[in-house]
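Student: Let me give you the structure first, and then I'll get to my questions.
Taken together, the values in this text are just the output of simple stated rules run on the coordinates, not laboratory data. All figures in this text were calculated on a predicted structure; none of them were measured in a lab. For neighbour counting, all protein chains shown are included, and Cβ atoms are generated from backbone atoms with ideal geometry for every residue, glycine included.
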Amino acid sequence: MMDTFARRLKRSYYALLSSILICCASIPMLHAEELTLLRVENGNKVIALSRSDLEHLTQNSFTTTTIWTEGKIAFSGPSLRDVLATVGLDGQSVEAVAINDYKAIIPAKLIGDRFPIVATRRDGETFSRREKGPLWIVFPFDQSEEFQRELVFSSSVWQVIELHAVKD
């Protein structure tokens with residue numbers, strides 16, 4: 001009789017352990033949307049933006065080719081101007097910082113109402129670091145020759161994690 005009780009207890013223990021592991025494994029998935037993807041800083045004002053924060057801003061999209069990828073890609077995300085407005089930056093140059101510490105100054109004259117965007121999606125899907133994500137500052141390169149200059153290419157920061165105000 002004690003042997004049966006021990007077996008039941010052991011099965012209950014393993015069932016409980018399995019349930020805990022399954023629940024714990026799903027926790028990061030439940031909160032993945034809330035992870036900070038981008039820090040935007042204007043002096044002492046800093047805001048941390050998650051994917052859902054970025055996707056609640058007005059979304060812009062365009063299809064273009066890039067010098068770093070093959071074929072046409074549909075990019076979508078909020079305009080850089082709208083993202084900067086979250087910390088009161090408007091009409092000012094910014095420094096974009098990538099995960100690998102690449103830094104580029106994006107002059108105010110390149111930041112329009114709709115372009116560039118902080119791309120959160122490629123061809124409708126989120127994209128990984130391996131695909132230059134999860135965020136990429138992208139211009140509609142095919143739209144005009146003005147977007148096919150070295151200054152624009154160097155301002156197209158992928159794997160961007162921070163934006164900082166720059167004194168002009």
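Student: Please go through segment 52-157 and write out the chymotrypsin sites (Phe, Trp or Tyr not before Pro) that DSSP classes as loop and that have at most 10 other C-beta atoms within 10 Å.
Tutor: Here the chymotrypsin sites (Phe, Trp or Tyr not before Pro) that fit, given the DSSP loop and packing criteria, are Trp68.
Student: Follow-up. Quick one: what Rg and Dmax do you get for segment 35-165 from the alpha carbons, in Å?
Tutor: In Å, with Rg to one decimal and Dmax whole: 13.2, 41.
Student: Here is a follow-up. Ranking Ser155, Ser144 by Cβ neighbours within 10 Å, fewest first, what do you get? Let's see the in-between values first.
Tutor: Values: Ser155 21, Ser144 11.
Least to most surrounded, the residues fall as Ser144, Ser155.
Student: On to the next question. Using 0.36 nm per residue of separation minus the Cα-Cα distance, give me the extension gain between Ser144 and Glu55 in nm, one decimal. Numbers along the way, then the final one.
Tutor: Numbers: separation 89, 0.36 × 89 = 32.04 nm, distance 2.64 nm.
This chain segment gains 29.4 nm when fully extended.
Student: If you don't mind, there's one more thing I want to ask. Tell me, in nm to one decimal, what length is gained between Asn44 and Gln92 on full extension, where the rule is 0.36 nm per residue of separation less the Cα-Cα distance? If you can, show how the numbers build up before the last one.
Tutor: Values: separation 48, 0.36 × 48 = 17.28 nm, distance 1.59 nm.
Extra length available between Asn44 and Gln92 comes to 15.7 nm.
Student: A 23 angstrom limit on the alpha carbon distance is what I want to check against. Which of Lys45/Lys132; Lys103/Lys167; Lys109/Lys167; Lys109/Lys132 exceed it?
Tutor: Numbers: Lys45/Lys132 27 Å; Lys103/Lys167 15 Å; Lys109/Lys167 14 Å; Lys109/Lys132 25 Å.
As for pairs spanning more than 23 Å Cα to Cα, those are Lys45/Lys132; Lys109/Lys132.
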